[in-house]
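Values quoted throughout were computed directly from the atomic coordinates according to the rules given, and no laboratory measurement underlies them. Predicted model, so just to flag it, every value in this text is computed and none were measured. When we count neighbours, we look across all protein chains shown, and the Cβ atoms used for this are built from the backbone with ideal geometry, even at glycine.
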């Protein structure tokens, strides 16, 4: 390898001090015998003392192997540098899907000399890209270790340039947005130039994320190094790559949400699905109906104001992430609704709760209440405005309990007056009635514009009831298992789908039960390997619907927070969500075994950025690649 690594840093001061002490001792002994002691004790020091460690790494069959530095090693490699070139995709996460060429030379980088050129920062996109350059600088400063100061003579300047065809005004992420990019890195006239070609801001931002992963801390020399010979062509396999965070069961503070979005950006995930309310609490501040948060928040401080939400939405945009609000209805409501009259809700805190809902407290909207629809329209209006008119909206539709409605006289009397009976099929007519009216209120909130609405798989997606929902209006998010026959039914009926199958993508599983004994309902814990292997394409192919793969929008990991809050969010989500990130971006043919060393490096990056990601293995495994096998 022809690695440019200069100058070398003198180190091993402790060994040098020991050498002086031994030489002093030798002067008390006689001639050649004393000299022999010194040579035997420190004969191999002269090469190793030039670096911070006596060890370096050599690439062998795709793994960086730890070996001693010898006189013959003129350019020893730090592990971080070795990994840049060794194995599939080096250290890039997620693995690029197109052409990938990473050269074998690095140069020291002057962190203070990273600049954007050839684009006006007065444009909307130009300003966002400048903020990404600032993020890049900040991220580099967080790489491990005390960095040795460099001068313009010993470290290169990095110039980042974007193509002229980049749309400088469009910053709206949709399911049709082109997120592809091309990245070229080369040394020209002594400076490193990164040329990025993209059609949209989001592709350009992804290129910046990839560029950041080509910059490493070389702990043999205490230098920041950058690869200076790169050509990458890349684009995602699926347009929807998300994380769901529930902030109702337990409150999650703004700082934790921002860290979550940071982690998403690092793995090129693009949708933060915010399950912001539920039956347990209503922390969302509605301007139209301010009493919701008064009655429904856990504390006056545990709320999400319009200002907080807009800050989060802006923060996410810089990082290429849409913020998707969910208002789950007609079930999963309760706290916060106490002030609304006209029996807008039913079954709230009903007992025994097992008869009316899947977990306490119970509560559902009353589809026969006109007052409820008036209130619902105000909630939609406020959310659409606060979340800056997202291109899709999540209407929930999860776990509606027919028995709740059946036990409510005001509802059954209304149904009988309409000429319906009280059979189960009639209650699905009632649910359909709710969906149509709610969808109309959502359309009003969007100023008369129709947007795709997302619903969870439910009784509405059963064989008997699927005719109630229109595939032109609804996207279905699958939370049941990956072998559920519902998947085939949805595809046969031409529904676009998002995979959140709980047997791989529910990240709250594997802990003690919070109602009753034993473990929680979706145990066991889902390891990163299982998440990595959870391929939407393979799921569809196994069910015999490979010809419907165009209906797969992507997938989403879900963290429901009955047993998590701000203190646990990082470790529940990371680095496991990164495993899903590569699956959805790359849909790789290879197994998790080929991604293991890159996953360990990605986990280190998350920690360096201040995200408390779970450790996957002893650090010894990272430094002794290939030794921790089953």
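Please report the antiparallel percentage of DSSP beta bridges with both residues in segment 147-284, rounded to the nearest 5.
Roughly 65 percent of the DSSP beta bridges within segment 147-284 come out antiparallel.
Quick one: what Rg and Dmax do you get for segment 227-287 from the alpha carbons, in Å?
For segment 227-287, the Cα radius of gyration and maximum Cα-Cα distance read 16.3, 54 Å.
What angle do you read, to the nearest 10 degrees and between 0 and 90, between the alpha-carbon axis of helix 201-212 and the longest principal axis of the chain?
Helix 201-212 sits roughly 30 degrees off the main axis of the chain.
Run the quick spin-label model on residue 307 and residue 620: label points 7 Å from Cα toward the beta carbon, then report their separation in nm to one decimal.
5.2 nm
Report the extension gain between residue 188 and residue 525 in nm, rounded to one decimal, defined as 0.36 nm multiplied by the number of residues separating them, less their alpha carbon distance.
Difference between extended and current length: 116.3 nm.
Please determine, in degrees from 0 to 90 and to the nearest 10, the orientation of helix 596-608 with respect to the longest principal axis defined by the Cα atoms of the chain, where the helix direction is its Cα long axis.
Helix 596-608 sits at roughly 80 degrees to that axis.
Calculate the tail of P(r) for segment 356-447: the fraction of all Cα-Cα distances greater than 23 Å, expressed in %.
31 percent
Where in segment 523-541 does the label zone of residue 630 land, with the point 7 angstrom along Cα→C-beta and an amide N cut-off under 13 Å?
Those under the cut-off are 527-533.
Take segment 240-592, drop everything but the C-alpha atoms, weight them equally and run the Debye formula without solvent; then report log10 I(q)/I(0) at 0.10 Å⁻¹ to two decimals.
Log10 I(q)/I(0), no solvent term: -0.59.
If segment 508-554 were replaced by its equivalent ellipsoid, with semi-axes equal to the square roots of 5 times the Cα gyration tensor eigenvalues, what would those be, largest first, whole Å?
In descending order the semi-axes read 31, 11, 9 Å.
Please compute the Kirkwood hydrodynamic radius of segment 283-326 from all pairs of different C-alpha atoms, in Å with one decimal.
By the Kirkwood definition, the hydrodynamic radius is 11.4 Å.
Run lengths n ≥ 4 of DSSP H only: what is the helix-derived mean residue ellipticity at 222 nm for the chain, with -39500 (n - 2.57) per run over all residues, to the nearest 500?
After summing the helix terms and dividing by the residues of the chain, the value is -10000 deg cm²/dmol.
In degrees between 0 and 90, to the nearest 10, how far off the longest principal axis of the chain does helix 424-445 point, with axes built from Cα atoms?
Approximately 60 degrees, to the nearest ten.
From zero up to wherever the largest Cα-Cα distance of segment 147-246 sits, split into 10 Å bins and tell me the percent of pairs in each.
14, 38, 28, 17, 4, 0
Please identify which residues in segment 461-492 have an amide N closer than 16 Å to a label point set 7 Å out from the Cα of residue 547, following the Cα→Cβ vector.
Only 488-492 fall inside the zone, counting backbone N under 16 Å.
Which peptide among 163-172, 533-542, 251-260 comes first, and what is the full order, when sorted by highest mean count of other Cβ atoms within 10 Å?
For the peptides 163-172, 533-542, 251-260, the packing ranking is 251-260, 533-542, 163-172.
Give the Rg (one decimal place) followed by the Dmax (whole number) of segment 522-630, computed from C-alpha coordinates and expressed in Å.
In Å, with Rg to one decimal and Dmax whole: 15.5, 45.
Using only the Cα atoms of segment 314-385, what are the Rg and Dmax in Å?
Considering segment 314-385 through its Cα atoms, Rg and Dmax are 15.3, 47 Å.
I'd like to know how segment 55-234 sits against the 2.2 N^0.38 Å rule of thumb: what's its Cα Rg over that expected value?
Normalised Cα radius of gyration, segment 55-234: 1.07.
Output the Kirkwood hydrodynamic radius of the chain, Cα pairs only, in Å rounded to one decimal.
For the chain, the Kirkwood estimate is 27.0 Å.
Peptides 287-298, 315-326: what's the order by average Cβ count within 10 Å, highest mean first?
For the peptides 287-298, 315-326, the packing ranking is 315-326, 287-298.
Taking other Cβ within 10 Å of each residue's Cβ, how do 565, 278 sort, fewest first?
565, 278
What ranking do 94-100, 78-84 get when scored by the average of other Cβ atoms within 10 Å per residue, highest first?
In descending order of packing, they fall as 78-84, 94-100.
Just the number, please: percent antiparallel of the DSSP beta bridges in the chain, rounded to the nearest 5.
Here the antiparallel bridges make up roughly 45 percent for the chain.
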